[in-house]
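**Q** Would you mind keeping the following structure in view while I ask a few things?
The values are calculated or read from the model by the stated rules, or taken from the named source; none is laboratory data. Just so it is clear, the structure is predicted and the values come from calculations on it, not from any experiment. Counting neighbours? That spans all protein chains shown, and the Cβs are built from the backbone with ideal geometry, glycine included. Just so you know, the surface numbers come from the protein's heavy atoms only, side chains and all, with ligands and any DNA or RNA stripped out. Shrake-Rupley method; radii C 1.70, N 1.55, O 1.52, S 1.80 Å.
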Amino acid sequence: MRRFSVRPNRELGQNFLVDPNILSVIGGVAQPGAGDVVLEIGGGAGALSEYLAPRVGHLHVIEVDMHLREALTDATGAFGNVTLHWGDAMKLDLNELHPGPGKVIANLPYGVATAVLRRTIDELATVDRWVVMVQREVGERLAAAPGDRAYGASSVLVQLACEVKVQRAIARTVFYPVPGVDSVLVELRRRNEPRTPQADAALRALVHGAFAHRRKALTGSLALADSEAPPRERVQRALVALGHPPDARAQRLSPEDFVALAAALGGA
Ligand code: SAM
(Lines give C-alpha, C1' and ligand atoms only; values in the text may rest on other atoms or scores of the structure.)
Protein backbone atom coordinates (compact mmCIF):
# COMPACT_ATOMS: atom_id res chain seq x y z
CA MET A 1 0.00 0.00 0.00
CA ARG A 2 2.89 2.31 0.80
CA ARG A 3 4.52 1.48 -2.55
CA PHE A 4 1.42 2.59 -4.45
CA SER A 5 0.42 5.37 -2.01
CA VAL A 6 -2.87 3.64 -1.30
CA ARG A 7 -4.94 5.52 1.28
CA PRO A 8 -7.90 3.37 2.38
CA ASN A 9 -11.25 4.98 1.65
CA ARG A 10 -13.73 4.36 4.48
CA GLU A 11 -16.77 5.20 2.39
CA LEU A 12 -15.92 2.33 0.06
CA GLY A 13 -15.49 -0.08 2.99
CA GLN A 14 -11.77 -0.39 2.37
CA ASN A 15 -10.50 -2.56 5.22
CA PHE A 16 -7.77 -4.56 3.56
CA LEU A 17 -6.64 -8.01 4.68
CA VAL A 18 -3.14 -7.80 6.11
CA ASP A 19 -2.90 -11.12 8.00
CA PRO A 20 -1.80 -13.99 5.72
CA ASN A 21 -3.26 -16.59 8.15
CA ILE A 22 -6.76 -15.45 7.32
CA LEU A 23 -6.19 -16.25 3.66
CA SER A 24 -5.68 -19.93 4.53
CA VAL A 25 -8.79 -19.82 6.74
CA ILE A 26 -10.82 -18.55 3.76
CA GLY A 27 -9.12 -21.13 1.52
CA GLY A 28 -9.87 -23.93 4.01
CA VAL A 29 -13.60 -23.19 3.76
CA ALA A 30 -13.78 -22.24 0.07
CA GLN A 31 -11.46 -25.00 -1.18
CA PRO A 32 -10.42 -23.15 -4.34
CA GLY A 33 -9.35 -25.60 -7.04
CA ALA A 34 -8.03 -25.68 -10.60
CA GLY A 35 -11.53 -26.46 -11.88
CA ASP A 36 -13.05 -23.33 -10.29
CA VAL A 37 -14.03 -20.08 -11.94
CA VAL A 38 -14.14 -17.64 -9.04
CA LEU A 39 -15.62 -14.17 -8.72
CA GLU A 40 -14.06 -11.85 -6.14
CA ILE A 41 -15.99 -8.66 -5.45
CA GLY A 42 -13.89 -5.80 -4.14
CA GLY A 43 -10.31 -6.64 -5.10
CA GLY A 44 -8.77 -3.81 -3.07
CA ALA A 45 -4.97 -3.90 -3.15
CA GLY A 46 -5.10 -7.56 -4.18
CA ALA A 47 -4.28 -9.56 -1.02
CA LEU A 48 -7.04 -12.13 -1.56
CA SER A 49 -6.74 -12.01 -5.38
CA GLU A 50 -3.04 -12.86 -5.17
CA TYR A 51 -3.83 -15.83 -2.91
CA LEU A 52 -6.66 -17.13 -5.11
CA ALA A 53 -5.15 -16.65 -8.58
CA PRO A 54 -2.59 -19.51 -8.48
CA ARG A 55 -5.15 -21.88 -6.95
CA VAL A 56 -8.09 -21.53 -9.36
CA GLY A 57 -8.81 -22.01 -13.05
CA HIS A 58 -9.96 -18.43 -13.61
CA LEU A 59 -10.42 -15.44 -11.33
CA HIS A 60 -12.69 -12.47 -12.04
CA VAL A 61 -12.04 -9.49 -9.79
CA ILE A 62 -14.44 -6.54 -9.63
CA GLU A 63 -13.19 -3.29 -8.10
CA VAL A 64 -14.82 0.13 -8.21
CA ASP A 65 -11.95 2.34 -7.00
CA MET A 66 -9.63 3.37 -9.83
CA HIS A 67 -7.09 4.65 -7.27
CA LEU A 68 -6.30 0.97 -6.66
CA ARG A 69 -5.58 0.25 -10.30
CA GLU A 70 -1.80 0.22 -10.00
CA ALA A 71 -1.71 -1.88 -6.82
CA LEU A 72 -4.30 -4.43 -7.98
CA THR A 73 -2.75 -4.75 -11.43
CA ASP A 74 0.66 -5.27 -9.84
CA ALA A 75 -0.68 -7.96 -7.46
CA THR A 76 -2.40 -9.94 -10.22
CA GLY A 77 -0.33 -9.08 -13.30
CA ALA A 78 1.88 -12.19 -13.08
CA PHE A 79 -1.14 -14.50 -13.46
CA GLY A 80 -2.56 -15.17 -16.89
CA ASN A 81 -5.91 -16.37 -15.49
CA VAL A 82 -7.12 -13.14 -13.86
CA THR A 83 -9.59 -10.70 -15.39
CA LEU A 84 -9.96 -7.33 -13.65
CA HIS A 85 -13.33 -5.60 -14.09
CA TRP A 86 -13.33 -1.93 -13.12
CA GLY A 87 -16.74 -0.72 -12.02
CA ASP A 88 -19.53 -0.93 -9.47
CA ALA A 89 -20.52 -4.53 -8.67
CA MET A 90 -24.12 -3.34 -8.30
CA LYS A 91 -24.16 -2.02 -11.86
CA LEU A 92 -21.87 -4.21 -14.00
CA ASP A 93 -23.67 -6.83 -16.08
CA LEU A 94 -22.61 -9.96 -14.20
CA ASN A 95 -23.77 -12.19 -17.02
CA GLU A 96 -21.04 -10.73 -19.22
CA LEU A 97 -18.38 -12.51 -17.13
CA HIS A 98 -16.70 -15.19 -19.24
CA PRO A 99 -16.07 -17.91 -18.26
CA GLY A 100 -19.12 -17.86 -15.97
CA PRO A 101 -18.20 -18.05 -12.27
CA GLY A 102 -19.19 -21.01 -10.10
CA LYS A 103 -17.98 -19.60 -6.76
CA VAL A 104 -17.92 -16.18 -5.12
CA ILE A 105 -15.05 -15.70 -2.68
CA ALA A 106 -14.69 -12.21 -1.25
CA ASN A 107 -14.05 -9.84 1.60
CA LEU A 108 -17.15 -7.82 0.78
CA PRO A 109 -17.36 -4.04 1.12
CA TYR A 110 -19.56 -3.46 4.20
CA GLY A 111 -21.87 -0.86 2.72
CA VAL A 112 -23.17 -3.05 -0.10
CA ALA A 113 -22.50 -6.57 1.21
CA THR A 114 -26.11 -7.78 1.46
CA ALA A 115 -27.16 -6.13 -1.79
CA VAL A 116 -24.17 -7.52 -3.71
CA LEU A 117 -24.71 -10.97 -2.28
CA ARG A 118 -28.40 -10.93 -3.17
CA ARG A 119 -27.56 -9.70 -6.65
CA THR A 120 -25.14 -12.57 -7.29
CA ILE A 121 -27.70 -15.08 -5.93
CA ASP A 122 -30.46 -13.71 -8.16
CA GLU A 123 -28.49 -13.01 -11.32
CA LEU A 124 -25.66 -15.52 -11.41
CA ALA A 125 -27.35 -18.90 -11.79
CA THR A 126 -23.96 -20.53 -12.40
CA VAL A 127 -22.77 -19.74 -8.84
CA ASP A 128 -23.60 -22.43 -6.31
CA ARG A 129 -21.21 -21.53 -3.49
CA TRP A 130 -20.23 -18.33 -1.68
CA VAL A 131 -17.54 -17.86 0.96
CA VAL A 132 -17.58 -14.24 2.04
CA MET A 133 -16.46 -12.03 4.88
CA VAL A 134 -19.16 -9.67 6.06
CA GLN A 135 -19.98 -7.51 9.07
CA ARG A 136 -21.15 -9.73 11.98
CA GLU A 137 -24.67 -8.26 11.98
CA VAL A 138 -25.03 -8.99 8.26
CA GLY A 139 -23.90 -12.61 8.74
CA GLU A 140 -26.29 -13.04 11.68
CA ARG A 141 -29.18 -11.62 9.67
CA LEU A 142 -28.47 -13.93 6.74
CA ALA A 143 -28.37 -17.00 9.00
CA ALA A 144 -31.14 -15.94 11.45
CA ALA A 145 -33.91 -18.38 12.37
CA PRO A 146 -37.62 -17.52 12.83
CA GLY A 147 -38.09 -15.65 16.10
CA ASP A 148 -34.50 -14.29 16.18
CA ARG A 149 -34.31 -10.52 16.47
CA ALA A 150 -32.23 -10.34 13.29
CA TYR A 151 -34.71 -12.45 11.25
CA GLY A 152 -36.19 -10.46 8.38
CA ALA A 153 -37.03 -10.38 4.69
CA SER A 154 -33.39 -10.77 3.61
CA SER A 155 -32.95 -13.82 5.90
CA VAL A 156 -35.98 -15.46 4.28
CA LEU A 157 -35.09 -14.57 0.69
CA VAL A 158 -31.46 -15.68 1.01
CA GLN A 159 -32.40 -18.88 2.87
CA LEU A 160 -34.99 -19.75 0.24
CA ALA A 161 -32.16 -19.78 -2.29
CA CYS A 162 -29.26 -21.05 -0.16
CA GLU A 163 -28.22 -22.90 2.96
CA VAL A 164 -26.40 -20.34 5.11
CA LYS A 165 -23.74 -21.07 7.68
CA VAL A 166 -21.67 -18.62 9.73
CA GLN A 167 -18.33 -20.42 9.67
CA ARG A 168 -16.37 -18.33 12.15
CA ALA A 169 -15.74 -14.97 13.73
CA ILE A 170 -12.88 -12.92 12.28
CA ALA A 171 -10.65 -10.79 14.51
CA ARG A 172 -10.65 -7.07 13.71
CA THR A 173 -6.85 -7.10 13.70
CA VAL A 174 -6.65 -8.98 10.38
CA PHE A 175 -7.67 -5.74 8.61
CA TYR A 176 -5.96 -2.47 7.92
CA PRO A 177 -7.31 -0.08 8.95
CA VAL A 178 -8.86 -1.92 11.91
CA PRO A 179 -12.63 -1.58 11.42
CA GLY A 180 -15.03 -0.39 14.12
CA VAL A 181 -17.21 -3.48 13.64
CA ASP A 182 -16.81 -7.25 13.98
CA SER A 183 -16.73 -9.57 10.97
CA VAL A 184 -17.63 -13.18 10.25
CA LEU A 185 -16.88 -15.64 7.48
CA VAL A 186 -20.12 -16.91 5.96
CA GLU A 187 -20.68 -19.83 3.61
CA LEU A 188 -23.71 -20.16 1.34
CA ARG A 189 -24.61 -23.19 -0.77
CA ARG A 190 -27.34 -22.90 -3.37
CA ARG A 191 -30.39 -25.12 -2.92
CA ASN A 192 -31.73 -26.73 -6.01
CA GLU A 193 -35.36 -25.65 -5.82
CA PRO A 194 -36.28 -24.03 -9.09
CA ARG A 195 -39.43 -21.89 -9.22
CA THR A 196 -41.11 -20.31 -12.20
CA PRO A 197 -40.39 -16.56 -12.54
CA GLN A 198 -44.07 -15.84 -11.71
CA ALA A 199 -44.00 -17.97 -8.56
CA ASP A 200 -40.71 -16.38 -7.56
CA ALA A 201 -42.07 -12.85 -8.03
CA ALA A 202 -45.21 -13.68 -5.99
CA LEU A 203 -43.11 -15.18 -3.19
CA ARG A 204 -40.81 -12.15 -3.03
CA ALA A 205 -43.76 -9.75 -2.97
CA LEU A 206 -45.33 -11.78 -0.15
CA VAL A 207 -42.11 -11.80 1.92
CA HIS A 208 -41.49 -8.07 1.42
CA GLY A 209 -45.13 -7.23 2.22
CA ALA A 210 -45.18 -9.49 5.28
CA PHE A 211 -42.10 -7.80 6.80
CA ALA A 212 -42.88 -4.25 5.65
CA HIS A 213 -44.48 -3.41 9.02
CA ARG A 214 -42.71 -5.71 11.46
CA ARG A 215 -44.74 -4.74 14.52
CA LYS A 216 -48.04 -5.56 12.88
CA ALA A 217 -49.65 -8.93 12.27
CA LEU A 218 -48.61 -10.36 8.91
CA THR A 219 -52.12 -9.81 7.51
CA GLY A 220 -52.09 -6.13 8.48
CA SER A 221 -48.58 -5.61 7.15
CA LEU A 222 -49.53 -7.19 3.82
CA ALA A 223 -52.69 -5.09 3.50
CA LEU A 224 -50.74 -1.88 4.21
CA ALA A 225 -47.87 -2.77 1.87
CA ASP A 226 -49.90 -3.99 -1.09
CA SER A 227 -53.30 -2.65 -2.11
CA GLU A 228 -53.82 -5.80 -4.18
CA ALA A 229 -53.05 -8.19 -1.30
CA PRO A 230 -55.52 -11.07 -0.84
CA PRO A 231 -58.37 -10.43 1.63
CA ARG A 232 -57.30 -10.59 5.30
CA GLU A 233 -59.61 -13.54 6.11
CA ARG A 234 -58.07 -15.63 3.36
CA VAL A 235 -54.56 -14.96 4.61
CA GLN A 236 -55.67 -15.73 8.18
CA ARG A 237 -57.22 -19.05 7.10
CA ALA A 238 -54.00 -19.98 5.29
CA LEU A 239 -51.91 -19.11 8.37
CA VAL A 240 -54.09 -21.27 10.60
CA ALA A 241 -53.84 -24.15 8.13
CA LEU A 242 -50.05 -23.85 8.47
CA GLY A 243 -50.33 -24.13 12.26
CA HIS A 244 -49.90 -20.42 13.07
CA PRO A 245 -52.30 -18.11 14.89
CA PRO A 246 -54.37 -15.88 12.56
CA ASP A 247 -52.63 -12.78 13.94
CA ALA A 248 -49.09 -14.21 13.56
CA ARG A 249 -46.29 -11.81 12.70
CA ALA A 250 -43.97 -12.48 9.78
CA GLN A 251 -41.06 -13.19 12.18
CA ARG A 252 -42.74 -16.49 13.19
CA LEU A 253 -42.81 -17.99 9.71
CA SER A 254 -39.96 -20.10 8.38
CA PRO A 255 -38.83 -19.75 4.74
CA GLU A 256 -40.76 -23.00 4.01
CA ASP A 257 -43.89 -21.49 5.62
CA PHE A 258 -43.63 -18.57 3.19
CA VAL A 259 -43.47 -20.96 0.25
CA ALA A 260 -46.55 -22.81 1.56
CA LEU A 261 -48.38 -19.55 2.27
CA ALA A 262 -47.66 -18.22 -1.23
CA ALA A 263 -48.94 -21.51 -2.68
CA ALA A 264 -52.09 -21.37 -0.53
CA LEU A 265 -52.74 -17.82 -1.68
CA GLY A 266 -52.41 -18.91 -5.27
CA GLY A 267 -49.12 -17.22 -6.05
CA ALA A 268 -46.75 -20.20 -6.23
N1 SAM B 1 -10.22 -7.96 -1.25
C2 SAM B 1 -9.47 -6.92 -0.58
C3 SAM B 1 -8.89 -7.46 0.71
O4 SAM B 1 -9.47 -8.42 1.23
O5 SAM B 1 -7.91 -6.89 1.19
C6 SAM B 1 -10.31 -5.67 -0.32
C7 SAM B 1 -11.56 -5.87 0.51
S8 SAM B 1 -12.32 -4.37 1.04
C9 SAM B 1 -13.20 -4.91 2.48
C10 SAM B 1 -13.64 -4.11 -0.09
C11 SAM B 1 -13.27 -3.59 -1.47
O12 SAM B 1 -14.49 -3.43 -2.22
C13 SAM B 1 -12.60 -2.24 -1.51
O14 SAM B 1 -11.43 -2.32 -2.28
C15 SAM B 1 -13.60 -1.29 -2.17
O16 SAM B 1 -13.02 -0.28 -2.95
C17 SAM B 1 -14.40 -2.26 -3.01
N18 SAM B 1 -15.78 -1.81 -3.31
C19 SAM B 1 -16.58 -1.04 -2.53
N20 SAM B 1 -17.77 -0.87 -3.11
C21 SAM B 1 -17.72 -1.56 -4.29
C22 SAM B 1 -18.65 -1.77 -5.35
N23 SAM B 1 -19.88 -1.24 -5.29
N24 SAM B 1 -18.27 -2.50 -6.41
C25 SAM B 1 -17.02 -3.04 -6.48
N26 SAM B 1 -16.10 -2.88 -5.49
C27 SAM B 1 -16.44 -2.16 -4.41
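**Q** Return the lysines within reach of Lys91: Cα separation strictly under 23 angstrom, same-chain partners fewer than 8 residues apart disregarded; answer none if there are no such residues.
**A** Cross-link targets: Lys103.
**Q** While we're looking at this one, here's another question. What order do you get for 97-104, 218-225 when each peptide is scored by the mean count of other beta carbon atoms within 10 Å, highest first?
**A** On the way: 97-104: 17.6, 218-225: 20.0.
Put in order of decreasing packing, that is 218-225, 97-104.
**Q** What net charge is computed for the residues neighbouring Val181, neighbours being all others with C-beta under 14 Å from the C-beta of Val181, Lys and Arg scored +1, Asp and Glu -1?
**A** Local net charge: +1.
**Q** Another question, then. In the chain, carbon and sulfur make up what percent of the accessible area (probe 1.4 Å)?
**A** Numbers: 6370 of 13040 Å².
Of all accessible area on the chain, carbon and sulfur atoms account for 49 percent.
**Q** Also: Quick one: helix 20-30 against the long Cα principal axis of the chain, what's the angle to the nearest 10°, folded into 0 to 90?
**A** The angle comes out near 40 degrees.
**Q** Quote to one decimal, in nm, the extra length available between Leu224 and Gln31 on full extension: 0.36 nm per residue of separation minus the C-alpha distance between them. Show your work: numbers first, answer last.
**A** Working: separation 193, 0.36 × 193 = 69.48 nm, distance 4.59 nm.
In short, 64.9 nm is gained.
**Q** Per-residue counts of other Cβ atoms within 10 Å, averaged by peptide: what ranking do you get for 9-21, 116-128, highest first? Walk me through the numbers before you get to the answer.
**A** Values: 9-21: 15.6, 116-128: 17.2.
Packing proxy ranking, top to bottom: 116-128, 9-21.
**Q** Give me the tail of P(r) for the chain as a percent: Cα-Cα pairs with distance above 22 Å.
**A** Working: 20891 of 35778 pairs.
The calculated P(r) of the chain puts 58 percent of pairs beyond 22 Å.
**Q** Based on a Kirkwood Rh over C-alpha pairs, give the Stokes-Einstein translational diffusion coefficient of region 197-264 at 10 °C and viscosity 1.306 mPa s in µm²/s.
**A** 138
**Q** Plugging the Kirkwood radius over Cα pairs into Stokes-Einstein for region 93-236, at a temperature of 25 °C and a viscosity of 0.890 mPa s, what D comes out in µm²/s?
**A** On the way: Rh = 16.8 Å.
Translational diffusion coefficient: 146 µm²/s.
**Q** Over 20 Å, how big is the tail of the calculated P(r) for region 1-95, in percent of all Cα pairs? The partial results should precede the final answer.
**A** Details: 1550 of 4465 pairs.
The answer is 35 percent, as a whole percent.
**Q** Between Rg and the Kirkwood Rh of region 37-153, both from Cα atoms, what is the Rg to Rh ratio?
**A** Details: Rg = 14.6 Å, Rh = 14.7 Å.
So for region 37-153, dividing Rg by the Kirkwood Rh gives 0.99.
**Q** Pop the C-beta distance of Arg2 and Ala115 into the FRET formula with R0 = 41 Å and round what comes out to the nearest 0.05. Write out the running numbers ahead of the final one.
**A** Values: r = 32 Å, r/R0 = 0.78.
Efficiency for this residue pair is about 0.80.
**Q** Roughly what would the spin-label model give for Ala212 and Glu163, points 7 Å off Cα along C-beta, in nm?
**A** For the pair Ala212/Glu163, the computed spacing is 3.5 nm.
**Q** Please give every one of the aspartates and glutamates within straight-line cross-link reach of Lys216, meaning a C-alpha to C-alpha distance under 17 Å, and leave out same-chain neighbours fewer than 8 residues apart.
**A** Asp148, Asp226, Glu233, Asp247
**Q** Beta carbons within 10 angstrom, averaged per residue: use that to sort the peptides 247-255, 170-178, 226-234, 71-79, highest first.
**A** Details: 247-255: 19.0, 170-178: 15.3, 226-234: 12.4, 71-79: 17.1.
Sorting 247-255, 170-178, 226-234, 71-79 by mean packing, highest first, produces 247-255, 71-79, 170-178, 226-234.
**Q** Full-extension gain between Arg172 and Glu137, please, as 0.36 nm times their residue separation minus the C-alpha to C-alpha distance. Numbers along the way, then the final one.
**A** Values: separation 35, 0.36 × 35 = 12.60 nm, distance 1.42 nm.
Contour length minus Cα-Cα distance gives 11.2 nm.
**Q** Sticking with this one: Using a 1.4 angstrom probe, figure out how much accessible area the chain has per residue, in square angstrom, rounded to the nearest whole. Mind showing how you got there, number by number?
**A** On the way: 13040 Å² over 268 residues.
Value for the chain: 49 Å² per residue.
**Q** So how far apart, in nm, are the two label points at Phe79 and Asp128 if each is 7 Å from Cα heading toward Cβ?
**A** Simple spin-label model gives 2.3 nm for this pair.
**Q** Suppose R0 equals 51 Å; then what is the FRET efficiency for Glu233 and Asn9 from their Cβ-Cβ distance, rounded to the nearest 0.05?
**A** Details: r = 53 Å, r/R0 = 1.04.
Between Glu233 and Asn9 the formula returns 0.45.
**Q** Give the shape of region 98-178 as rounded, prolate or oblate, defined through the alpha-carbon gyration tensor: a ≥ b ≥ c are the square roots of its eigenvalues, a/c under 1.5 means rounded, and otherwise the shape is prolate if a/b is larger than b/c and oblate if not. Write down the numbers at each step before the final one.
**A** Numbers: a/c = 1.95, a/b = 1.06, b/c = 1.83.
Note, shape of region 98-178 comes out oblate.
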